[in-house]
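Visitor: First the structure, then my questions, so here it is.
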Amino acid sequence: MIKEKEVKHLAQLARLELAEKDLPKLEKDLASILEYVGQLKKVDASKVEGRGKWPEANQRPDEARPGLSVADELLSLAPSIQDRYIKVKSVFKHGS
Amino acid sequence: MDLSQLTLQEAAQGLREKKFRSLDLTQSCLKKIKEMEPDLLAFLKVGEKEALAQAEAADQLLEKGGEASLLTGIPLAVKDNILVQGMSCTAASQILKNYLAPYDATVIRRLKESKAVILGKTNLDEFAMGSSTENSSFQITHNPCDLERVPGGSSGGSAAAVKGGEAIYSLGSDTGGSVRQPAAFCGLVGLKPTYGAVSRFGLIAFASSLDQIGPLTKTVADSRLVFQELRGKDGRDATTQPEGENVSRFSLQKLRIGLLKDDLLKEVDPAIVRRIKEMVGELEKAGAKVEVLDFSSLLFALPTYYIITPAEASANLARYDGIKYGKSAAASDLEEVYRLTRGEGFGPEVKRRIILGTFVLSAGYAEAYYQKAWKVRELIADDFRKAFQKVEVIISPTTPSLPFKIGEKVQDPVQMYASDLLTAPASLAGLPALNVPVGEIDHLPVGLQIMGPAFQEELLFQVGEEIEKLTPSR
């Protein structure tokens, strides 16, 4: 139902490193979960039109208001900073 | 007198009558923590110094009278996915092992305004994903009713702390049963409020369209006290609604109770079903009318839940990338930072759900799984709406089984997921639901669940208090 190649592809999409040794159990678990949730195929939901009757999030007027003043605390949580910037590895590889 | 055994109401009364101080109450809980923690492992962090300072501040307020609320000076424990400024907040994950909360969750801000005393942070299944607290990456919490058994989950630490006398009450979070099921397993009252009743600001997100913070308490009256303090509109959570009147016209003689059809209960331990039916029988004797509901969409609540929640989790957990906060793995390029940080930082259940969520949202499968699940969620919500035209409340067991042994289900995710069978429906429909203990079977606690219409928590409390009266005392 879901093959190792597919699990690896999903892990790549989710930016999630998986150990080779964990793949067989994960594959097996996912197969049984998907079989279980696959029951939904039996439900006739053809009359449901999208998401109905759910309360919309409350809108507020678009005006400035004070936020949390915790910029320093937030910065201090970052693994790597330079001055007041969060430092990341380069997005593009050198030479590309 | 062992103050740690008091209910919230009794403790609040004692403080007002100056029978003892918040400092005495807090010290009595801290003593209990020292005594019980080697067996229970309910706490990930105890803030003894902070708690004692908060108790002294509460005593000063109580001395002056005036602004004190019923929660003033009462020690509580907080699930470790709710932010308390300056304290660690780990979600029981290695990825947040060294994370210090930079601000207070709205519920914590409200409790601090009342001068409540925060004892510490309790264990949970990593990112609240689980039903036994065995998915914590730090420790396994034991059920105070039977140390070989799980306390339920994911708010297992919060449940064990209250049952063990380590806190007068606690806060948990409930996405598909994570307050109600541990409350049932530990013989406590647990409330999952209506979606939008309590602010989620400062709660580490798992599945945002279902998550709610709720109290675990020794009595229904205590649950009401905490809920009243937590609920209400918050500018920092746009889904919160203003406090309604929330007054019910309760009369046991006129109460109409809905029961689930037997085919919905066939996966449930027959002894639990019998106990629930006995309790409903007692309410019937007192004049309530009982109606069995034709509610077939509920058969599909659990598979619906296990599509929608991993989908939302896979999106919510994308923020743990090794850049802004939390663990960051040594790596040579940006993508490797993401992959390795997440690979090293997340445990097996979280990985399983991220992969599953990514799958049900991926092109080619989203329609068959995710979109379909939302449609079935609509059917379930609609069936609830119809049911509540006929009855005021729906009563069911809270859990399909009695507390199970540590290690019994942890290897088989589908079996573990079945724990949410009867709690997932109200979560999917955004409705309030309350667990009330109804005695023991084989010396293990049994929980009864009351579900009601949106924002009718008060009705649940009143029915819960009737059930409490029928049940041998705690």
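The values are calculated or read from the model by the stated rules, or taken from the named source; none is laboratory data. Fair warning: this is a prediction, and the values are worked out from it, not measured in the lab. Don't worry about glycine lacking a Cβ; one is built from the backbone with ideal geometry, like all the others, and counts go over all protein chains shown. We work out accessible area using only protein heavy atoms, side chains counted, and drop any ligands, DNA or RNA first. Shrake-Rupley method; radii C 1.70, N 1.55, O 1.52, S 1.80 Å.
Visitor: Mean 1/r over all different Cα pairs, inverted: what Kirkwood radius does the stretch B:49-103 give, in Å?
Guide: Working: mean 1/r = 0.0774 Å⁻¹.
Kirkwood radius, the stretch B:49-103: 12.9 Å.
Visitor: Using protein heavy atoms only (no ligands, DNA or RNA), what is the total accessible area buried between B and A, 1.4 Å probe, nearest 100 Å²? Numbers along the way, then the final one.
Guide: On the way: alone 18500 and 10130 Å², together 23480 Å².
Approximately 5100 Å² gets buried when B meets A.
Visitor: Still on this structure: Please state the equivalent ellipsoid semi-axes for the stretch B:375-474: what are the square roots of 5 times the Cα gyration tensor eigenvalues, largest first, in whole Å?
Guide: Working: eigenvalues 123, 93, 13 Å².
Square roots of five times the eigenvalues give 25, 22, 8 Å.
Visitor: Then there's this: Kindly provide the Kirkwood hydrodynamic radius of the stretch B:290-354 in Å, to one decimal, from all pairs of distinct alpha carbon atoms.
Guide: Numbers: mean 1/r = 0.0705 Å⁻¹.
After inverting the pairwise mean of 1/r, the radius is 14.2 Å.
Visitor: Also: For chain B, restrict the atom set to alpha-carbon positions and state the Rg and Dmax in Å.
Guide: Over chain B's Cα set, Rg and Dmax evaluate to 21.2, 71 Å.
Visitor: Continuing with the same structure: Per residue Cα convex hull volume for the stretch B:3-230, in cubic angstrom?
Guide: Numbers: hull volume 22.3 nm³, N = 228.
It comes to 98 Å³ per residue, whole-number rounded.
Visitor: OK, next. Compute the Rg to Rh ratio over the protein assembly as shown from the alpha carbon atoms, using the Kirkwood formula for Rh, and round to two decimal places.
Guide: Values: Rg = 23.1 Å, Rh = 24.1 Å.
In the protein assembly as shown, Rg relative to Rh is 0.96.
Visitor: For chain A, how big is Rg over Rh, using alpha carbon atoms and the Kirkwood form of Rh? Mind showing how you got there, number by number?
Guide: Values: Rg = 22.9 Å, Rh = 19.9 Å.
Reported Rg/Rh (Cα atoms, Kirkwood Rh): 1.15.
Visitor: Express in Å², to the nearest 10, the accessible area of residue B:470 obtained by rolling a 1.4 Å probe over the protein heavy atoms while all chains stay in place.
Guide: Taking all protein chains as shown, residue B:470 has close to 70 Å².
Visitor: Rounded to the nearest angstrom and ordered from largest down, what semi-axes does the equivalent ellipsoid of the stretch B:233-300 get from its C-alpha gyration tensor (root of 5λ)? Don't skip to the answer; put the middle values down first.
Guide: Details: eigenvalues 181, 86, 25 Å².
Taking √(5λ) for each Cα gyration eigenvalue gives 30, 21, 11 Å.
Visitor: I'd like the distance between the alpha-carbon centres of the stretch B:265-335 and the stretch B:65-108, rounded to an integer number of Å.
Guide: Here the two parts' Cα centres lie 24 Å apart.
Visitor: Could you work out the mean count of beta carbons from other protein chains within 10 Å of each residue's beta carbon in B:368-374? The partial results should precede the final answer.
Guide: Details: counts 3, 5, 0, 3, 6, 4, 5.
Average neighbour count from other chains, rounded to a whole number: 4.
Visitor: Let me know the mean shielding of B:168-174 by other chains, meaning the per-residue number of their Cβ atoms within 10 Å of its Cβ. Please report the intermediate quantities before stating the final value.
Guide: Working: counts 0, 0, 0, 0, 0, 0, 0.
Rounded to a whole number, the mean comes out at 0.
Visitor: Note the full-extension length gain between residue B:112 and residue B:18 as 0.36 nm times their separation in residues minus their Cα-Cα distance, in nm to one decimal.
Guide: On the way: separation 94, 0.36 × 94 = 33.84 nm, distance 2.12 nm.
Additional length available on full extension: 31.7 nm.
Visitor: Would you mind working out the magnitude of the charge dipole of chain B relative to its Cα centre, with +1 at each Lys and Arg C-beta and -1 at each Asp and Glu C-beta, to the nearest 20 Debye? It would help to have the intermediate numbers written out before the result.
Guide: Working: 55 positive and 61 negative charges, 101 e Å.
Around 480 debye, computed over chain B.
Visitor: If exposed GluC sites (Glu not before Pro) are those in a DSSP loop with at most 14 other Cβ within 10 Å, what is the longest stretch of chain A that has none? Don't jump to the answer; show the numbers that get you there.
Guide: On the way: sites that count: A:49, A:56, A:63.
So the longest stretch without any such site is A:1-48.
Visitor: Past the 21 Å Cα-Cα mark, which pairs from B:45/B:112; B:192/B:233; A:25/B:409; B:233/B:372; B:97/B:192? Before the final figure, lay out the partial values.
Guide: Values: B:45/B:112 18 Å; B:192/B:233 17 Å; A:25/B:409 15 Å; B:233/B:372 32 Å; B:97/B:192 27 Å.
Listed pairs above 21 Å: B:233/B:372; B:97/B:192.
Visitor: Mind checking the dipole of the protein assembly as shown: about its Cα centre, +1 per Lys or Arg Cβ, -1 per Asp or Glu Cβ, Debye to the nearest 20?
Guide: Details: 73 positive and 77 negative charges, 132 e Å.
For the protein assembly as shown, the charge dipole is close to 640 debye.
Visitor: Also, I was wondering about something else. Just want the answer: with Cβ charges of +1 for Lys and Arg and -1 for Asp and Glu, which residue in B:203, B:240, B:418 is farthest toward the dipole's positive end in the protein assembly as shown?
Guide: Of B:203, B:240, B:418, it is B:240.
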